[in-house]
Amino acid sequence: MIDSYLKNETMRSGTEAQCEDSLEQSRWSQGFRCPDCGHAEHYVLKSGGRKTFQCRSCRLQASLIAGTLFQSTHLKLTVWFLGIYLISQAKTGLSALALKRQLGVSYPTAWLIQQKLMQAMVERDARYTLDGEVQVDDAYLGGELAGGKAGRGSENKAPFVAALSLSHEGQPRFIKMAPIPGFTRKAIANWAQGDLSPGCVVQSDGLACFAGVTDADCQHQVTVAGGRKPKDLPEFCWINTVLGNLKTSLGGAYHAFDFAKYGTRYLGAFAYRFNRRFRLDTITTRLIVAAATTGPRSDYWLRQTEASC
């Protein structure tokens, strides 16, 4: 599997040296710049098998992987790049167990690779907002526990909001999915300020909290669902289809995960792949760039509770 991947022309990275060259290009597309003084002239050293750059001006030494998602890794870049390829190309997601088998690493290592790359996906898409006509809906990760509370009060349910922007022809463009503390006007307003462009037209099913989008300078149009099933609401065909695909993806790839703690990353990874569904030939390269420009994310940091939950 690894050998066939390394021959993939899209990646142009077969050996460790080629992976280093690809990472260097992704991190410094215009050539090396000292992270301290911004000087371009430098020496190239070899330290512990890794390429290291020394600024000719301030003499600062910077490793190729320092300051990136790969910082402090003991794995070869060929293993990381294979993980990037597998995760970016998996239409229905890829569990840490499946990644462990493909990469030939331990489960904790595969889990860490998966979480770091999903975090890079989340941070990359955080730079963009939805505009134009946007459909929104409320949803939950998880289900009711035996003997636990029923309905929306279930301890195993993590609320999140899903939003989909449409083209002028009514076709789906981009999506945003984010866990929120609850379906309140304040929570929706805070979410909209980060994920929606001011002035966009938001269509909802009439859930009272969605009026909060107006607090973020968005317009709000309501189509009251009135207990009707999704199939009887053609106005929300696309957002319901996306949520159905999300349910199939998560249910098929993952046995279980902590919905409240890690939901942002799993939703973000699904959205990242969806938003680049027409650019599958470049999605892997784009994820390398995201990993190269995302700062270090330690195991301890990745395991902390999501700030939004």
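Rounded to the nearest whole Hz, the Karplus-based 3J(HN,Hα) values (6.51 cos²θ - 1.76 cosθ + 1.60, θ = phi - 60°) of the range 285-302 follow the sequence 4, 5, 6, 4, 4, 4, 5, 5, 9, 8, x, x, 10, 6, 4, 4, 4, 5, with x at glycine and proline. Would you grab the residues whose amide H sits under 5 Å from the one on Cys218? Only those 5+ places off in sequence or on another chain, please, with H modelled 1.01 Å from N. Under 5 Å from the amide H of Cys218 lie the amide H atoms of Gly199, each far enough along the sequence or on another chain.
Summary of the geometry: the range 57-106 and the range 236-309, compared by the centres of their Cα atoms, lie 16 Å apart. Rounded, prolate or oblate: which fits the range 191-309 when a ≥ b ≥ c are the square roots of the eigenvalues of the alpha-carbon gyration tensor, with rounded for a/c under 1.5 and prolate only if a/b beats b/c? Prolate is the answer for the range 191-309, as a/c is 1.5 or above and a/b outweighs b/c. Net charge in the neighbourhood of Phe32 (other residues with Cβ under 13 Å of its Cβ; Lys, Arg +1, Asp, Glu -1) is -1.
From the square roots a ≥ b ≥ c of the eigenvalues of the alpha-carbon gyration tensor of the range 241-308, which class results: rounded (a/c under 1.5), prolate (a/b over b/c), or oblate? Cα axes put the range 241-308 in the oblate bin. If you take all other residues with their beta carbon under 10 Å from the beta carbon of Val201, and give Lys and Arg +1 and Asp and Glu -1, the sum is -2. Heavy-atom accessible area for Arg297, with the other protein chains in place and a 1.4 Å probe, reaches approximately 50 Å².
For the chain, the solvent-accessible area works out to 50 Å² per residue, with a probe of 1.4 Å and every protein chain left in place. Per atom type, the range 168-266 shows carbon and sulfur on 54% of its accessible surface, probed at 1.4 Å.
With K and R counted +1 and D and E -1, the other residues having a Cβ less than 15 Å from that of Ser167 yield a net charge of -1. Where only DSSP H runs of four or more residues are counted, the chain gives -11500 deg cm²/dmol as its mean residue ellipticity at 222 nm, each run worth -39500 (n - 2.57). Of all beta bridges that DSSP places with both ends in the chain, some 75 percent have antiparallel geometry. According to the Cα-based calculation, Rg over Rh for the chain is 1.01, with Rh computed by the Kirkwood formula. Sparse packing (at most 13 other Cβ atoms within 10 Å of the Cβ) combined with a DSSP loop state is found for the following trypsin sites (Lys or Arg not before Pro) in the range 201-252: Arg228. In order along the range 166-182, the phi-based Karplus estimate (6.51 cos²θ - 1.76 cosθ + 1.60, θ = phi - 60°) of 3J(HN,Hα) comes to 10, 7, 5, 8, x, 9, x, 10, 10, 10, 9, 9, 8, x, 9, x, x Hz; Gly and Pro are listed as x.
The values are calculated or read from the model by the stated rules, or taken from the named source; none is laboratory data. Computed from a predicted structure; not experimentally measured. Note that we place each Cβ from the backbone using ideal geometry, even for glycine, and neighbour counts take in every protein chain shown. All accessible areas refer to the heavy atoms of the entire protein, side chains included, with ligands and DNA or RNA removed. Shrake-Rupley method; radii C 1.70, N 1.55, O 1.52, S 1.80 Å.
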